[in-house]
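Chemist: Sharing a structure, written as structure tokens. Questions coming.
The values are calculated or read from the model by the stated rules, or taken from the named source; none is laboratory data. The structure displayed is predicted, hence computed values, not measured ones. Cβ coordinates were reconstructed from backbone atoms using ideal geometry, including for glycine residues, and neighbour counts include every protein chain displayed. Each accessible area value is taken on the protein alone, full model and side chains, heavy atoms only, with ligands, DNA and RNA left out. Shrake-Rupley method; radii C 1.70, N 1.55, O 1.52, S 1.80 Å.
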Amino acid sequence: MRFSLAVNDSPYSLRKVFAYFLPVISLIALLSACASAATLNGLVKNGTTGKPSAGDDVVLIKLAQGMEEAARTKTDATGKFSLPIEDDGQPHLIRVIHQDVTYHHMAPPGTTSVEMEVYDVSKKVAGVSAVADLMYLQSQRGQLGVSRIFAVSNSSKPPRTQMNDQNFEFYLPDGAQIDSAQAQTAGGQWVDSTPVPQGDKGRYAFAFPLRPGQTEFQVSYHLPYSGKATVDPKPIYPLDHFVVIMPQTIQFSPAAPGIYEDKQPPTPPGAIAEVASKARPGQMLSFEISGNGILQDNSSADENQGAATAPSASGSDTRPGGGLGPPIDAPDPLQKYRWYILGGFAAVLAVGAVYIFLRSKRVAIPNFASAMETADRESEPYPARRSGLLDALKEEMFQLELDHKQGRIPQEEYAKAKAALDLTLERALKKKATA
């Protein structure tokens, strides 16, 4: 028996069925397309001229695994742009390139519109100044480890970005080997930035754009250490403060009296800070150090070390370089650098300490996670205990909120400090989650 379907005559013909369900099928397809793709609309403004920024390259970067370019376009004559963006629950990064300098804006899942600001570029900009130079010292196993955090301010008016091949320069001592170097724009993430040797011996330069606002540079290096060394920071720029942070087991002796004053940094515990205020270019800031010690991230530092370096009952400091502190009512110069110190200490533990304190002639430490595993296997003391660092971060955030509510710090300083603490805490939590 043969079976046939009369396409034209049957009331249930395929043509009629298809025509009946076509609107439903189209609606489902449309909804599916909308669920998987959306449009990101943006506006780019030139902060130097106050006008829309036309003709800038705009790149959409997917951050799911690494940094993958997802789309690219240019701003139109009104500074506007549109990009297709996948609504897949993953964060994206928007990069705008203006006069060969990049500007970034995070786009969390669900973002459909953004506004960004760029600035005109000049090789030399008035209003750029170095604010602080923080030097972390620690030593063990015949190695001296140094991490330096430079804070630079760009307060140009109208705001401009400074960019040249010697945008920020500094000196390193003879025999220093760089372990890592990074740069960070205010509110951004640390990015690798390799300093370039200059003609003068030991002089290096970062070719990293100094955008309006704050920029930080971090360089970690090591050099041989026999238990005693002379350190000369050789300041190139005027500084509000030069700060040396080290374990109390390292003895500090300045080359000239009256330059440094002792301070207790907000972190790490068991450390001492030596502060030189209003440092001038070429000023003699050299000092001698002796002894060994590592910076701790846990208040339960080695009892013997603490007992050997604890202040006397009278509260006086018997360490070389110590002496009478400033009056109680005097402002603490470290207060305005709390977030730099906290972020810098996290960088020291995550980067600089790996080489010095976990390096052996037999084992090479490739990264932070494997360093922890190696320390556990060999039962060696490891300074970067993450739980202790997280506790310190939380305590610092609590203290910041308390100071803010009691009116001890202005709103602008509070906002900057909170942003730095939030970023450092986020990085610490991510590292803990991937450990």
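Chemist: Any residue in segment 194-214 that is over 27 Å from residue 97 (Cα atoms) sitting within a Cβ distance under 9 Å of a residue that is of a type in the set (A, V, I, L, M) and crowded, with 20+ Cβ neighbours inside 10 Å? List the pairs, counting only those 6 or more apart or interchain.
Modeler: Listed pairs, sorted by first residue: 202/172; 203/172.
Chemist: Then there is this: If residue 102 satisfies all but one of (1) under 30 Å from residue 238 (Cβ atoms); (2) buried (at least 17 other Cβ atoms within 10 Å of the Cβ), what's the number of the condition it fails?
Modeler: Single failed check for residue 102: (2).
Chemist: While we're looking at this one, here's another question. Mind checking which residues of segment 111-126 are among the β-branched types (Val, Ile, Thr) and part of a loop (DSSP other than H, G, I, E, B)?
Modeler: 111, 112, 125
Chemist: Inside segment 156-174, can you point out the residues that are over 20 Å from the mean Cα position of the chain (by Cα), under 18 Å from residue 49 (Cβ atoms) and either hydroxyl-bearing (Ser, Thr, Tyr) or surrounded by fewer than 19 Cβ atoms within 10 Å (Cβ to Cβ) (or both)?
Modeler: Result: 156, 157, 158, 159.
Chemist: Restricting attention to segment 52-75, which residues are free of Cβ contacts under 8 Å to residues at least 24 places away in the same chain and open to solvent by 70 Å² or more (accessible area, probe 1.4 Å)?
Modeler: Listed by number, the residues that qualify are 65, 68, 69, 72, 74.
Chemist: For residue 139, all conditions in the list (1) surrounded by 14 or more Cβ atoms within 10 Å (Cβ to Cβ); (2) at pLDDT 95 or above hold save one; what is the number of the exception?
Modeler: (2)
Chemist: Another question, if that's okay. Quick check, is residue 214 assigned to a strand (DSSP E or B) and open to solvent by less than 30 Å² (accessible area, probe 1.4 Å)?
Modeler: No: the conditions fail for residue 214.
Chemist: Looking at segment 188-207, which of its residues are under 20 Å from the mean Cα position of the chain (by Cα), assigned to a loop (DSSP other than H, G, I, E, B) and surrounded by 15 or more Cβ atoms within 10 Å (Cβ to Cβ)?
Modeler: 188, 190, 193, 195, 207
Chemist: If we keep just the residues of segment 155-180 that are of a type in the set (Gly, Ala, Ser) and not in a strand (DSSP E or B), which is farthest from residue 238 (Cα to Cα)?
Modeler: Among those residues, the one meeting the criterion is 175.
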